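One structure is given below, encoded as structure tokens.
The numbers here are math on the coordinates, done by the rules we state, and not lab data. Computed from a predicted structure; not experimentally measured. Don't worry about glycine lacking a Cβ; one is built from the backbone with ideal geometry, like all the others, and counts go over all protein chains shown.
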């Protein structure tokens, strides 16, 4: 597109953003960035507070569509009219979906999972403080405060294996599930360091980030949701593969044992001094 300065940026539901750039449109949504080249676009439709980007399709096939909702109604019309004015009449049948590049990374899944684990651990620490208060109230006067402090200290110590156990266990199961039930492909190095490109079963080109400098890596993705991706680690260090899961389970169970012990003490009115 030769001039995009007058085309508004559409900001929709769930932090979805649709932008017009020199070579097409860029759609950013949870965990993904889609680059839609101009020659892949058939039409942009504005309807109330939503915009739909319809891609070109081969004869007899259903065109793919991308929709962004809860945008400004005035901006939607302006955006659609401006983009449509730059589109050229097709001279050949094109599968627009195959031209879309989707940039996704394993990092968003890890960050989302880490956030959930963090919430659980913080809730657990809050519960430990409550247990300490109960211990101080029901305990003997001389030892109540010391017992409460010791309860908090032990509870905080238990949070360490809970955190690392949950992180290791989650990552291990995520990779194991995709390795067994996902689609495994070879991703080749892309245009940026530690970026690798592959094509999923829908014909969509995807780029992921992987902590590797090799010319290619093996990845597995969920066929029902290709944004769920795991970079498969080398199976050569068999000891790591064999011990990672059980070690994480032991760490996690150790933390849970601490929690149950502290809860038992609170219920029975015992102290730790």
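Figures for the structure shown
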read-out	value
Pairwise label distance in nanometres, residue 137 with residue 122, each label 7 Å out on the Cα-Cβ vector	2.5 nm
Potential lengthening between residue 92 and residue 149 on full extension [0.36 nm per residue; Cα-Cα distance subtracted]	13.0 nm
Additional length obtainable on full extension of the chain from residue 176 to residue 130, 0.36 nm per residue less Cα span	12.8 nm
Distance between segment 145-206 and segment 17-32 - C-alpha centres, whole angstrom	27 Å
Nearest-0.05 FRET efficiency for residue 186 and residue 11, computed from C-beta distance (R0 51 Å)	0.90
Reciprocal mean inverse distance between Cα atoms of segment 10-99 - Kirkwood radius, Å	13.2 Å
P(r) of segment 1-50 over all Cα-Cα pairs, binned every 10 Å from zero, in whole percent	23, 56, 21
Nitroxide proxy distance, nm - points 7 Å out along Cα→Cβ at residue 257 and residue 21	5.3 nm
Tensor-based shape of segment 157-204 (alpha-carbon gyration tensor, a/c under 1.5 rounded, otherwise prolate or oblate)	oblate
R0 of 45 Å, Cβ-Cβ distance residue 81-residue 222: FRET efficiency to nearest 0.05	0.75
